[in-house]
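Here's the structure we're looking at; comments come further down.
The values are calculated or read from the model by the stated rules, or taken from the named source; none is laboratory data. None of these values were measured; they are calculated from a predicted model. Cβ coordinates were reconstructed from backbone atoms using ideal geometry, including for glycine residues, and neighbour counts include every protein chain displayed.
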Amino acid sequence: MSGHGTYLGFDVGEKRLGVAVGETLTGHARALEVIRCRQGVPDWARVGALLGDWQPTALVVGMPRHSDGTASHSTRLAERFAGELARRSGTAVHRIDEHLSSHAAADSLRERGARTDVLDAEAARIILETWFGEQFS
């Protein structure tokens, strides 16, 4: 486990990468932005800029799986991203099952009447807050 501080969370997809930022002190995160991807490859310059801006203690990547727990194409995409993120950042990267985070994000946005174009960033927020709850509660 990493220490207390600022963390960035990621919801990895083929076309979009949702990003959230949060603090372990409060256990809360907020949706930050959605980064476009090309064939599963994010804009690494933008990811690097966020890492530089936030100077996170560690990073959290959601790992999607089929409902029976087996790996999917999306799982492999997220694993590749997590590995490359660790290599590029030199920062600890934690993985967490993100089962149904996108559904929960859609429900949250709908309840608040918020824009749906931030769905992936909202999913990253849920992923990060879930990880905080598992690690620091």
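Tabulated data
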item: Boolean, Leu17 is assigned to a loop (DSSP other than H, G, I, E, B) and not hydroxyl-bearing (Ser, Thr, Tyr); result: no
item: Extreme residue, nearest to Gln55 (Cα to Cα), among residues of the stretch 20-39 that are in a loop (DSSP other than H, G, I, E, B) and of a type outside the set (A, V, I, L, M); result: Thr24
item: Helices (runs of 4 or more DSSP H) completely within the stretch 57-137 that count 1 or more residues being surrounded by 12 or more Cβ atoms within 10 Å (Cβ to Cβ) and at pLDDT 95 or above; result: 73-89, 119-136
item: Those residues of the stretch 19-33 which are under 16 Å from Gly5 (Cα atoms) and surrounded by 12 or more Cβ atoms within 10 Å (Cβ to Cβ), in sequence order; result: Ala20, Val21, Gly22, Glu23, Thr24, Gly27, His28, Ala29, Arg30
item: Tally of residues being out of contact with any Leu (no Cβ under 7 Å at 6 or more places or on another chain), part of a strand (DSSP E or B) and at pLDDT 95 or above across the stretch 40-56; result: 0
item: Qualifying residue in the stretch 34-48 (condition: surrounded by fewer than 17 Cβ atoms within 10 Å (Cβ to Cβ) and in contact with a Gly (Cβ under 7 Å, 6 or more places away or on another chain)); result: no
item: Lone unmet requirement of (1) within 12 Å of the chain's Cα centre (by Cα); (2) at pLDDT below 95 for Lys15; result: (1)
item: Qualifying positions in the stretch 1-18 - farther than 14 Å from Thr57 by Cβ and either surrounded by fewer than 15 Cβ atoms within 10 Å (Cβ to Cβ) or of a type in the set (A, V, I, L, M, F, W, C) (or both); result: Phe10, Val12, Glu14, Lys15, Leu17
item: Filter pass, Asp53 being surrounded by fewer than 12 Cβ atoms within 10 Å (Cβ to Cβ), under 22 Å from Glu129 (Cβ atoms) and free of Cβ contacts under 8 Å to residues at least 24 places away in the same chain; result: yes
item: Count of residues meeting criterion [assigned to a loop (DSSP other than H, G, I, E, B) and charged (D, E, K, R)] in the stretch 1-14; result: 1
